[in-house]
Amino acid sequence: AVTLYNSLRFLLHHDLLNRPSQLTETEKKTLTDLPVKLEQLTEMFDYFTEEKGVLLSHGERYDGHGYPMGLSGDEIPLASRIFALANALAAMSSPRPFRPELPATKILEELVQEAGRQFDPGLVHTSLLALEKNKAFGLESECYKTLRNKLYNSFPDLRR
């Protein structure tokens, strides 16, 4: 699904994705139509049965303020919630035409800040544990502990 998403997104909106400046509100709105376009393109092929749902709902937000259907929480398929988090991690850790890649601490702080809003808090928690275990960003355990404690302050049920 990730390769398909990136390929079709690039094909449909190459001009917007390579802009050296921030997108306008109109351009951002154009990108919010992307899930529907992707779903329509993949609908023609039985091969993409599993990917269609992920592509259609990856723009949804955990708090219900996403697009295109305004799904929230567990209404959003798990695969789409995982894809949205992984896609955000990839985007923040990669340079963009309008900004350099973000520092690891900023990326992780953004995940914690957006838990319950953009991202599934349980998936953010699991991601922090996995990133720490695999030393993905080369940060000290204390940094991860601090971030987990911030997450636990908002979502005490995540504490194990």
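The values are calculated or read from the model by the stated rules, or taken from the named source; none is laboratory data. Predicted, not measured: the structure shown is a model, and the values here were computed from it. So basically every Cβ, Gly included, is an ideal-geometry build from the backbone, and we count neighbours across all protein chains shown. Calculation scope for accessible area: heavy atoms of the full protein, side chains included, ligands and nucleic acids excluded. Shrake-Rupley method; radii C 1.70, N 1.55, O 1.52, S 1.80 Å.
Descriptive notes on the structure:
- Scan of the stretch 104-126 for residues that are open to solvent by less than 40 Å² (accessible area, probe 1.4 Å), without any contact (Cβ under 8 Å) to a residue 40 or more places away in the chain and of a type outside the set (Gly, Ala, Ser), ordered by number: Ile107, Leu108, Leu111, Val112, Glu114, Val124, His125
- Any chance Ser154 is in contact (Cβ under 8 Å) with a residue 12 or more places away in the chain, polar (S, T, N, Q) and either open to solvent by 30 Å² or more (accessible area, probe 1.4 Å) or farther than 20 Å from Glu39 by Cβ (or both): yes
- Residue in the stretch 132-143 that is surrounded by fewer than 16 Cβ atoms within 10 Å (Cβ to Cβ) and on the phi > 0 side of the Ramachandran plot present: yes
- Tally of residues being in contact with a Leu (Cβ under 7 Å, 6 or more places away or on another chain) and either modelled with pLDDT under 75 or of a type in the set (Lys, Arg) (or both) across the stretch 20-33: 3
- Count - residues of the stretch 54-83 that are in a loop (DSSP other than H, G, I, E, B) and aliphatic (A, V, I, L, M): 3
- In the stretch 84-101, the residue that is nearest to Gly64 (Cα to Cα) out of those that are assigned to a helix (DSSP H, G or I) and touching a helix residue (DSSP H, G or I) at 6+ places or on another chain (Cβ under 9 Å) is Ala84.
- In the stretch 116-160, the residue that is nearest to Lys106 (Cα to Cα) out of those that are more than 21 Å from the chain's Cα centre (by Cα) and not in a helix (DSSP H, G or I) is Leu139.
- Within the stretch 94-103, the set of residues being surrounded by 15 or more Cβ atoms within 10 Å (Cβ to Cβ) and at pLDDT 90 or above comprises Leu102 only.
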